[in-house]
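A short reminder: the numbers here are calculations on the coordinates, not readings from a lab. Model, not experiment: these values are computed from the prediction. Positions of Cβ are backbone-derived with ideal geometry, glycine not excepted, and every protein chain shown enters the neighbour counts.
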Amino acid sequence: MKWPKSYRIGYRIMRLVSWDRDESRAADLAGRTNTGWRITQYCSDRAVCEQANTILHEVIHNILTTAQYDVGDDTKEETIIQCIANGLCTFAYQNRHLWRKLGKAVRM
Ligand SMILES: [Zn+2]
């Protein structure tokens with residue numbers, strides 16, 4: 001899967017780049033985001049559905065950062081974000097038509 005090279009969260013444009021497999025394994029992460037550097041990395045060595053989940057996960061982190069919402073507990077934040085990312089992936093898969101329509105509707 002060829003992903004776009006960037007995405008936008010509010011006024012912020014984030015670069016979306018592949019992350020070296022060995023580095024991501026060493027960090028025990030599938031992705032990471034540095035909001036200050038405006039970069040999101042994902043491990044392109046994983047299955048495409050895992051890459052999608054990882055990108056959504058990092059986007060949700062960015063949404064919270066942009067909204068200046070602090071969950072207050074990093075472990076709890078990770079759990080909440082993973083639940084939402086997993087749910088959105090499942091929803092998008094099970095409701096492809098509605099997912100596309102939602103994407104079109106928010107542009108109107
Ligand atoms: Zn996370």
If amide H atoms are modeled at 1.01 Å from N in the peptide plane, then the residues at a separation of 5 or more from I39, or on another chain, having amide H under 5 Å from its own are R15, N34
Computed over all unlike Cα pairs, the Kirkwood hydrodynamic radius of the chain in Å stands at 14.7 Å
Lys and Arg at +1, Asp and Glu at -1: neighbours of H61 with Cβ under 10 Å from its Cβ sum to -2
Amide H neighbours of W19 at under 5 Å, excluding residues fewer than 5 places away on the same chain, with H built from the backbone geometry, are Y42, C43, S44
About its Cα centre, the chain carries a charge dipole, from +1 on Lys and Arg Cβ atoms and -1 on Asp and Glu Cβ atoms, whose size in debye to the nearest 20 is 920 debye
Counting Lys and Arg as +1 and Asp and Glu as -1 over every other residue whose Cβ sits under 10 Å from the Cβ of G31, the net charge comes to 0
Non-local residues with an amide H under 5 Å from the amide H of I9, with H modelled 1.01 Å from N and Pro and chain starts lacking one, are M14
Assertion target for C49, C89, ordered by fewest C-beta neighbours within 10 angstrom first, is C49, C89
With V71 itself left out, Lys, Arg at +1 and Asp, Glu at -1 over residues whose Cβ is under 11 Å from its Cβ give -4
Longest the chain segment clear of trypsin sites (Lys or Arg not before Pro) sitting in DSSP loops (not H, G, I, E or B) with at most 14 other Cβ atoms within 10 Å runs 39-106
Here the longest stretch of the chain that holds no chymotrypsin sites (Phe, Trp or Tyr not before Pro) in a DSSP loop having at most 12 other beta carbon atoms within 10 Å is 70-108
Phi-derived 3J(HN,Hα) across region 77-93 with the Karplus relation (6.51, -1.76, 1.60, θ = phi - 60°), rounded Hz, x for Gly and Pro, is 4, 4, 5, 4, 5, 5, 4, 5, 4, 4, x, 5, 4, 5, 4, 4, 5
